[in-house]
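Each remark here refers to the structure printed beneath this line.
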Amino acid sequence: MPRTRESSRRDGVGRVLVAYATAHGSTRSIAERLAARLREQGLPVDVLPVGAARDLRPYGAFVLGSAVHAMAWLPEALAFAHREARTLTRRDVWLFSVGMPAALRGPWRTLAAQEEGRVIGGVEDELHPRGHRLFSGVVRPGHLSVSGRLRFRAMGLRYGDYRDWNAVDGWAREIGRELLGDGD
C-alpha cells in the first residue's frame, strides 16, 4: 500500500531529498543550506540536482527548488516535477523558487509579489505542496544578456548577493518541525 502524506508523518519520514535546478549557483547554495539545517534537526537528508535524482523510493519527503527565469521555473525542474508527480503527490513536498524580488524597487517589487503564484502555478496545482517560498539569489552582470543588463540598469536595479540566510534557516526549521511532528 503506498504511503499517504498522513502515514509518512505518523510512521517516520525516512530520508528527505532536497532537489534543485540552478542556473548560476544561487539555487544550489540555498538547497545546500536547507539540507544542512534539516540535518541539524536530526533528519537524514540528501541534496541533488534534479538531473541526478532518479530513484525516489528511499525518500519520504521532498524539498524541490528552481531558479526562476522569465517568471518560470527552469525546464529541468518542471520536467522533474511532472515526471515524478505520482511519487511526489504521495509524500510531503515543499517548493522553493529563487529569483530577484529583493533586487527590485518600488512598483517592480509590487509587481513581482503579485506574480509569485504564476511562477509555480502549474507545479503547485499538480503537486499540492505543503508550502512554497520565494527567495532572492545573486545577480551579477555576467548572468544577464546585454539587453538584460540594459533593462536591469534602466529599472534602477543593482547587482549583488540578495540571499537572506535567516529566511532560509527559518523555513528549514519550519519544515523540520512539521516533519518531526512538532509543527502540525
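What the table below lists for this structure:
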{"read-out": "Residues satisfying the stated conditions in the range 133-184, i.e. under 15 Å from F96 (Cβ atoms) and among the small types (G, A, S)", "value": "S136, G137, A167, G170, A172, G176"}
{"read-out": "Qualifying residue in the range 39-46 (condition: touching a Phe, Trp or Tyr at 6+ places or on another chain (Cβ under 9 Å), of a type in the set (V, I, T) and at pLDDT 90 or above)", "value": "no"}
{"read-out": "Residue ranges of helices (runs of 4 or more DSSP H) in the range 38-151 with at least 1 members at negative phi, within 12 Å of the chain's Cα centre (by Cα) and not charged (D, E, K, R)", "value": "75-83, 106-127"}
{"read-out": "Hits in the range 119-139 (condition: charged (D, E, K, R) and surrounded by 11 or more Cβ atoms within 10 Å (Cβ to Cβ))", "value": "E124, E126, R130, R133"}
{"read-out": "Residue tally, condition surrounded by 12 or more Cβ atoms within 10 Å (Cβ to Cβ) and touching a Phe, Trp or Tyr at 6+ places or on another chain (Cβ under 9 Å), over the range 154-173", "value": "9"}
{"read-out": "Whichever residue in the range 1-28 is under 22 Å from the mean Cα position of the chain (by Cα), among the small types (G, A, S) and assigned to a loop (DSSP other than H, G, I, E, B) and, among such residues, is modelled with the lowest pLDDT", "value": "G14"}
{"read-out": "Any chance G137 is touching a Ser or Thr at 6+ places or on another chain (Cβ under 6 Å), closer than 27 Å to A53 by Cα, at pLDDT 80 or above and not charged (D, E, K, R)", "value": "yes"}
{"read-out": "Neighbours by Cβ (under 9 Å, 6+ apart or cross-chain): first from the range 42-60, surrounded by fewer than 19 Cβ atoms within 10 Å (Cβ to Cβ); second outside any loop (DSSP other than H, G, I, E, B) and of a type in the set (K, R)", "value": "P44/R15; D46/R15; P49/R28; P58/R15"}
{"read-out": "Tally of residues being farther than 19 Å from A85 by Cα, in contact with a Lys or Arg (Cβ under 7 Å, 6 or more places away or on another chain) and among the hydrophobic types (A, V, I, L, M, F, W, C) across the range 37-64", "value": "1"}
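The values are calculated or read from the model by the stated rules, or taken from the named source; none is laboratory data. The model shown is predicted, which means the values in this text are computed figures rather than measured ones. Here Cβ is always computed from backbone atoms with ideal geometry, including for glycine, and neighbour counts include all displayed protein chains.
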